[in-house]
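The values are calculated or read from the model by the stated rules, or taken from the named source; none is laboratory data. Fair warning: this is a prediction, and the values are worked out from it, not measured in the lab. As a convention, Cβ positions derive from the backbone with ideal geometry for all residues, glycine included, and neighbour counts pool all protein chains shown.
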DNA sequence: CTCAAATATGAGACTACTCTCATTTATGAG
DNA sequence: CTCATAAATGAGAGTAGTCTCATATTTGAG
């Protein structure tokens, strides 16, 4: 029985919450190892060190636990990102910071990546939630005259797919800051920034905040 | 029992080849309807109007038939694209033509899209095959001074992910030339073309060849 | 047309899971 | 510590598919 984000947050609570958290953590880990579809409920309970039937005391089916896990991880990632983004005014820098920090978080917790990537594809609400942040920064960039694009839902899809591919590559081949930097540059190019300004935004946006 | 690409090509042949082709066409259709994982062997035989056991006279498992179907469709798409690309010298125009015609073909045969997108993710060789064409055109563009990028495997991943997202959006919402045009522009931006030249390349590359 | 070979058939054995529930075990309030 | 309640357990019924094989049917060469 491994340990994870959900158990951390259920530490002081009653047994019910702790078992639930163990199942959520196990689900995240199993999905990361075997993929969304291949993850069986019995894999999850085994990974959590619990009996098969225990699952049904807490969740009705695989979809529910995965939705809940994805939502919980998404919330945590958003919380961390929000903290790091506070006070950044320039939209280009915001996009670079959000992208590079988002990727960095998922490289620290690679198990989260599979769940979040999968849920972005499969869950309707998750995708919209993630897009709200992104859309805000893109519109800000247009208003600031930094980006030269029309902010459509297809544009959001394209930016998201670039971020997703950067995550997938690093998940496969190991964390690689050059890939992150490259994808930031690609995104800014996509948004219509001139190369020189893009490079500058990347330098300031990727600097690790002390 | 519907009709499809593989049956067209097995028309004059023996029963063995015709049944095989019916199974391949059925597999493509079922995968398009239910997705790679959800497609059952019994769905495929039912769609082909054959008994369940017949499947095993021709293929050993689902993976094999899907690999074969993807390869066959990939070959056909490559054949069509090759014909349309012959004689186009300018790399930017080649990229625009390849992208827009590729998408156009998959909008005419939407069932093919699911199989090709799925196989690009899952099959190692398929992806490489597709990338060979793309890499050639990108390197040509760099040599011609039209593109301002380093041609890495990650760059190919990024371009492919943009094309994939354009296909997915149009598969969902219906064919939309504006989306295709938009993704061509995005790709050229990614490759470092200035906006004015990009627009010009799109105009000449997307003109429908009489 | 005939018939041996090739092919298709589908019932059912097998496998792998999901989900239920009567029972056992653990919890924590008093 | 006691005990009513909450939670966990795991055997097994149910379900959904894969794959096999003895049998029926079709094919096409002669």
(request) Quick one: count up the residues across segment A:20-45 that are more than 10 Å from DNA strand C (Cβ to nearest atom) and either in contact with a strand residue (DSSP E or B) (Cβ under 8 Å, 6 or more places away or on another chain) or over 20 Å from residue A:112 (Cβ atoms) (or both). (result) 0
(request) Identify the residue in segment B:6-17 that is within 15 Å of DNA strand C (Cβ to nearest atom) and under 15 Å from residue B:68 (Cα atoms) and, among all such residues, is surrounded by the fewest Cβ atoms within 10 Å (Cβ to Cβ). (result) B:17
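Every residue, every condition in (1) more than 10 Å from chain A (Cβ to nearest Cβ); (2) surrounded by 15 or more Cβ atoms within 10 Å (Cβ to Cβ); (3) touching a strand residue (DSSP E or B) at 6+ places or on another chain (Cβ under 7 Å), yes or no:
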{"site": "B:109", "(1), (2), (3)": "yes, yes, no"}
{"site": "B:121", "(1), (2), (3)": "no, no, no"}
{"site": "B:135", "(1), (2), (3)": "yes, yes, no"}
{"site": "B:153", "(1), (2), (3)": "no, no, no"}
{"site": "B:159", "(1), (2), (3)": "no, yes, no"}
{"site": "B:202", "(1), (2), (3)": "yes, yes, no"}
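Residue by residue, here is whether (1) closer than 25 Å to residue A:151 by Cα; (2) buried (at least 21 other Cβ atoms within 10 Å of the Cβ) holds:
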site: A:34; (1), (2): no, no
site: A:55; (1), (2): no, yes
site: A:58; (1), (2): no, no
site: A:67; (1), (2): no, no
site: A:80; (1), (2): no, no
site: A:89; (1), (2): yes, no
site: A:92; (1), (2): yes, yes
(request) Return yes when residue B:182 is more than 8 Å from every other protein chain (Cβ to nearest Cβ) and in a helix (DSSP H, G or I) and no when it is not. (result) no
(request) Take residue A:89 and decide whether it is outside any helix (DSSP H, G or I) and either within 14 Å of chain B (Cβ to nearest Cβ) or more than 10 Å from DNA strand C (Cβ to nearest atom) (or both). (result) yes
(request) May I ask you to say which residue of B:166, B:98, B:114 is facing chain A (nearest Cβ under 10 Å), within 23 Å of residue B:73 (Cβ to Cβ) and in contact with a helix residue (DSSP H, G or I) (Cβ under 8 Å, 6 or more places away or on another chain)? (result) B:166
(message) Criterion first (farther than 17 Å from residue A:114 by Cα and touching a helix residue (DSSP H, G or I) at 6+ places or on another chain (Cβ under 8 Å)) does residue A:78 satisfy it?
(response) no
(message) Tell me the residue from B:209, B:195 that is modelled with pLDDT under 95 and within 9 Å of chain A (Cβ to nearest Cβ), please.
(response) B:195
(request) Determine whether segment A:57-66 contains at least one residue that is within 21 Å of residue A:106 (Cα to Cα), away from every other protein chain (no Cβ under 14 Å) and away from DNA strand D (no atom under 14 Å from the Cβ). (result) yes
(message) Based on this model, can you work out whether residue B:174 counts as facing chain A (nearest Cβ under 8 Å), surrounded by fewer than 21 Cβ atoms within 10 Å (Cβ to Cβ) and either at pLDDT 95 or above or touching a helix residue (DSSP H, G or I) at 6+ places or on another chain (Cβ under 6 Å) (or both)?
(response) no
(message) Can you go through B:50, B:36 and tell me which one is within 14 Å of another protein chain (Cβ to nearest Cβ), within 16 Å of DNA strand D (Cβ to nearest atom), in contact (Cβ under 8 Å) with a residue 12 or more places away in the chain and not in a helix (DSSP H, G or I)?
(response) B:36
